[in-house]
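The values are calculated or read from the model by the stated rules, or taken from the named source; none is laboratory data. Note that the coordinates shown come from a computational prediction; the quantities given were computed from them, not determined experimentally. Neighbour counts are summed over all protein chains in view; Cβ atoms, including those assigned to glycine, are modelled from backbone coordinates with ideal geometry. The protein model used for the area step is the full one, side chains on, heavy atoms only, and it has no ligands, DNA or RNA in it. Shrake-Rupley method; radii C 1.70, N 1.55, O 1.52, S 1.80 Å.
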Amino acid sequence: MTVADEGQGMDEATLARVMEPLFTTKAEGKGTGLGLPMIRDFAERSGGHFDLRSRPGEGTCAEIRLPVQASEHPVGLPRVA
């Protein structure tokens, strides 16, 4: 899945830090800095990959790739009656 915007984008210094837990560019009380690291960790623990690209003035593109599982019921998830 890919999500992209045409917003202000991020410079290289900011992009280099966005995966650090608790790093945020938002005002105090407006964000925890945990969202992107959590998405990255989810993707990696699922055997997938998370990629984030951004350029100042051009926006940001986030892409998560997850493996396809062939079984009807994914391993490790509880069955729903």
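Things to note:
For (1) surrounded by 10 or more Cβ atoms within 10 Å (Cβ to Cβ); (2) at pLDDT below 85; (3) touching a Pro at 6+ places or on another chain (Cβ under 8 Å); (4) in a strand (DSSP E or B), each residue gets a yes or a no:
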| position | (1), (2), (3), (4) |
| --- | --- |
| LEU36 | yes, no, no, no |
| ARG40 | yes, no, no, no |
| ARG53 | yes, no, no, yes |
| LEU77 | no, yes, no, no |
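- Restricting GLU44, GLU28, GLU20, GLU72 to those that are modelled with pLDDT of 90 or more and open to solvent by 100 Å² or more (accessible area, probe 1.4 Å) reduces the list to GLU44.
- Check on ILE64, in a strand (DSSP E or B) and either within 15 Å of the chain's Cα centre (by Cα) or modelled with pLDDT of 95 or more (or both): yes
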